[in-house]
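Since the structure comes first, as structure tokens, the remarks are kept for the end.
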């Protein structure tokens, strides 16, 4: 929810400049949320095991998150022709929104 709110806030700011900038911001924020969901699925989906496999799942989830995020950003810029700055701004805002979300989720 925090990431979606941060993404929408960046997209609203990008509406001021118009063009494809709001769509780029939405694509960047959506890429962060999709990558985070995939990382959570990989990291937490293995059941109860020892420390070695648990750490391996955490690392695999983080690697998958960043690969999906970079691929989505590259796809948006190269294939769809979206401007990169709004995408990166939305990515930064969505990633920064994780901090209060994790701090307040007790």
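Every number here is computed from the coordinates shown, using simple stated rules; none is lab data. The structure displayed is predicted, hence computed values, not measured ones.
The Cα center of the range 1-28 and the Cα center of the range 34-68 differ in position by 28 Å.
Using only the Cα atoms of the chain, construct the convex hull and provide its projected area averaged over every direction, in square nanometres to one decimal. The partial results should precede the final answer.
On the way: hull surface 28.4 nm².
Averaged projected hull area, Cα only: 7.1 nm².
For the chain, modelled as a Gaussian network with Cα springs under 10 Å, which listed residue fluctuates most, 18, 76, 47? Of 18, 76, 47, the most mobile in the Gaussian network model is 47.
Among 84, 22, 53, the largest mean-square fluctuation in a Gaussian network model of the chain, built with springs joining Cα atoms closer than 10 Å, belongs to 53.
Over the residues of the range 43-84, compute the C-alpha Rg and express it relative to 2.2 N^0.38 Å. The partial results should precede the final answer.
Working: Rg = 15.1 Å, N = 42, 2.2 N^0.38 = 9.1 Å.
Normalised by 2.2 N^0.38 Å, the Cα Rg of the range 43-84 equals 1.66.
Shape class for the range 59-102: oblate, because the ratio a/c of the largest to smallest gyration tensor axis (alpha-carbon atoms, square roots of eigenvalues) is 1.5 or more and b/c is at least a/b.
Secondary-structure-derived ellipticity at 222 nm for the chain, considering helices only, amounts to -26500 deg cm²/dmol, per-run term -39500 (n - 2.57) for DSSP H runs with n ≥ 4.
Taking the longest Cα principal axis of the chain as reference, the axis of helix 84-104 is set at about 40 degrees.
Mean-square fluctuations from a GNM of the chain, with a 10 angstrom spring cutoff on Cα atoms, peak among 31, 94, 72 at 72.
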